[in-house]
Amino acid sequence: MGLLLVVACGAAALWSTRGGESGPLAGRPRVTDTRAGLSYGVPDGWKHDPAKDRDLIDAFSSQITRIPGTDHGTDHGTDHGAAATTGATVLAGRAGRPVSRADLRRTTEAAARSNAEFFFPDRPATLEDSHTTTVDGRPAHTAVLRVTGDTGGRLEMTLLTAPGGRTTFLLGVVTGEPDPALVADLHDVLASTTVD
């Protein structure tokens, strides 16, 4: 799982805007992840707990989660280890090695599949979308997987190249039947992301 688990991220539309001062999460609290070299907004109804970031596996350096019992119809709180529970989380991190622009698509799709095996063990995952995009003006690629079986799920990974040749990612995971409003939240987080 090694490198492929380390290389992960989330969203399924074209996000080429700089999200710090404008966009859907303007004025919302932000997570500054110095290890990943990213900053991203926290949607309404989500939370960031810096103490929990220290407990993440090494592949990830920060996370936000949907607060249980807030809107969107069902209980959407989860953490990175609770894939069997309905919920949503966004995780960020730095890839174990640089990925060239030419390899972004292949590496993103492989990493998305590896992360699907981690978060949704023994459940089939189908590639729904794979496209080139930008994050804060940096080259990026997004892969979206639909997970079937039991209650379903969705995994959206965006891998991007950052200054200095490093590679970083955002990974959005929705467990249970994906609520369109939760998926929109994942997209808003990516749209708000800036590369530090």
Among residues of the stretch 15-26 being modelled with pLDDT under 95 and within 11 Å of Pro43 (Cα to Cα), the residue least open to solvent (accessible area, probe 1.4 Å) is Ala26
Of the candidates Thr167, Thr148, Thr158, the one satisfying the condition of being open to solvent by 10 Å² or more (accessible area, probe 1.4 Å), modelled with pLDDT of 90 or more and either of a type outside the set (Asp, Glu) or over 23 Å from Arg106 (Cα atoms) (or both) is Thr148
Of those in the stretch 94-119 that are among the hydrophobic types (A, V, I, L, M, F, W, C) and part of a helix (DSSP H, G or I), the residue most open to solvent (accessible area, probe 1.4 Å) is Ala102
Those residues of the stretch 43-67 that are part of a loop (DSSP other than H, G, I, E, B), more than 16 Å from Gly93 (Cα to Cα) and either among the aromatic types (Phe, Trp, Tyr) or open to solvent by 10 Å² or more (accessible area, probe 1.4 Å) (or both) come to a total of 3
| said: For the structure I just gave you, tell me whether Ala83 is under 16 Å from Ala162 (Cα atoms), modelled with pLDDT under 95 and open to solvent by 10 Å² or more (accessible area, probe 1.4 Å). | reply: no
Those residues of the stretch 180-196 that are open to solvent by 30 Å² or more (accessible area, probe 1.4 Å) and farther than 16 Å from Val42 by Cβ come to a total of 2
Residues of the stretch 150-196 being polar (S, T, N, Q) and outside any strand (DSSP E or B), in sequence order, are Thr151, Ser192, Thr193
Test result for Gly73, farther than 22 Å from Pro29 by Cα, open to solvent by 40 Å² or more (accessible area, probe 1.4 Å), modelled with pLDDT under 95 and of a type outside the set (A, V, I, L, M) = yes
Quick count over the stretch 120-145, residues being open to solvent by 10 Å² or more (accessible area, probe 1.4 Å) and out of contact with any His (no Cβ under 8 Å at 6 or more places or on another chain), is 14
Expected output for the stretch 126-137 (first residue under 15 Å from Leu186 (Cβ atoms), partner of a type in the set (A, V, I, L, M) and crowded, with 17+ Cβ neighbours inside 10 Å, Cβ below 7 Å, 6+ apart or cross-chain) is Glu128/Val144; Glu128/Leu145; Asp129/Ala12; Asp129/Val144; Thr133/Ala140; Val135/Leu160; Val135/Leu190; Val135/Val195
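The values are calculated or read from the model by the stated rules, or taken from the named source; none is laboratory data. On a predicted model such as this, the values are computed, not experimentally measured, just so you know. Because the Cβ atoms are built from the backbone with ideal geometry, glycine has one as well, and the counts that use them run over all protein chains shown. Quick note on the areas: whole protein, heavy atoms, side chains included, nothing else; ligands and nucleic acids left out. Shrake-Rupley method; radii C 1.70, N 1.55, O 1.52, S 1.80 Å.
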